[in-house]
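To start, the structure under review is shown below, and the notes come after it.
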Number of protein chains: 2
Amino acid sequence: MYLAKVYITLKPTVNDPQGLTIKGALYTLGFAAVQEVRAGKYIEIKIEEKDMEKARNDVQNMCKKLLANTVIENFRFEMERLKSD
Amino acid sequence: MYLAKVYITLKPTVNDPQGLTIKGALYTLGFAAVQEVRAGKYIEIKIEEKDMEKARNDVQNMCKKLLANTVIENFRFEMERLKSD
């Protein structure tokens, strides 16, 4: 069993209205030192699979096919072996 | 200047309909080995601040006051010094 931790971020050139809104709210709360906020997604996926390479390959395909919009988003992920395996 | 990488996840006992929907979609796409999906948020914050401890403390407060709903969500974060500093 593996746990994949997937991080999906907007590409640097893409506008991030959610990030701008958070930045504005933080400024209002008194956090004036904040220069930039970028909002992304974090997804944890548990996979019942013995072979690390197969699991890694699966996660890569999940990101390309469903989780990330590769036109405007980047993704990266880490694999972690779970003890139950 | 510091970059804070903030990870916000639902607490383990909290229902995650978004994660369930992703799991269902992955299953439909043929990824039958997926056991569980939990969806969370990933936020990058750039802070103009010299003092690491002050910056860390600020991010902790940002999470508590705005970024995370601590009733149903956990948060953790990492600080990274940016080269421009």
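Values quoted throughout were computed directly from the atomic coordinates according to the rules given, and no laboratory measurement underlies them. This structure is a prediction, so every number in the text was calculated from the model and none was measured. When we count neighbours, we look across all protein chains shown, and the Cβ atoms used for this are built from the backbone with ideal geometry, even at glycine.
For chain B, the 222 nm mean residue ellipticity estimated from helices alone, with every DSSP H stretch of n ≥ 4 adding -39500 (n - 2.57) and the total spread over all residues, rounds to -8500 deg cm²/dmol. Taking the 0 to 90 degree range and rounding to the nearest ten, how far is the long axis of helix B:17-28 tilted relative to the main principal axis of chain B, both from C-alpha atoms? Between helix and principal axis, roughly 50 degrees. Listed by chain and number, the aspartates and glutamates whose C-alpha is less than 14 Å from the C-alpha of A:LYS65, apart from same-chain residues fewer than 8 away, are A:GLU73.
If you take each beta carbon of peptide A:45-58 and count the beta carbons of other chains within 10 angstrom, what is the mean? Walk me through the numbers before you get to the answer.
Numbers: counts 12, 7, 7, 5, 3, 1, 0, 0, 0, 1, 1, 0, 0, 5.
That works out to 3 on average.
With the convex hull drawn over the C-alpha atoms of the protein assembly as shown, the volume per residue is 130 Å³. What is the helix-to-structure angle for B:52-62, meaning the angle in degrees between its Cα long axis and the longest Cα principal axis of chain B, kept from 0 to 90 and rounded to the nearest 10? Orientation of helix B:52-62: about 50 degrees from the principal axis. Taking each of A:LYS41/B:LYS23; A:LYS11/A:LYS41; A:LYS23/B:LYS23; A:LYS23/B:LYS83; B:LYS5/B:LYS50; A:LYS5/B:LYS5 in turn, the alpha-carbon distance tops 20 angstrom for A:LYS23/B:LYS23; A:LYS23/B:LYS83. Spread over its residues, the convex hull of the C-alpha atoms of chain B is 112 Å³ per residue. Contact order for segment B:2-81, expressed relative to its length and based on alpha carbon pairs under 8 Å spaced 6+ residues apart, stands at 54 percent. Chain B holds its axis-closest Cβ, relative to the rotation onto A, at the residue and whole-Å distance B:TYR42, 2.
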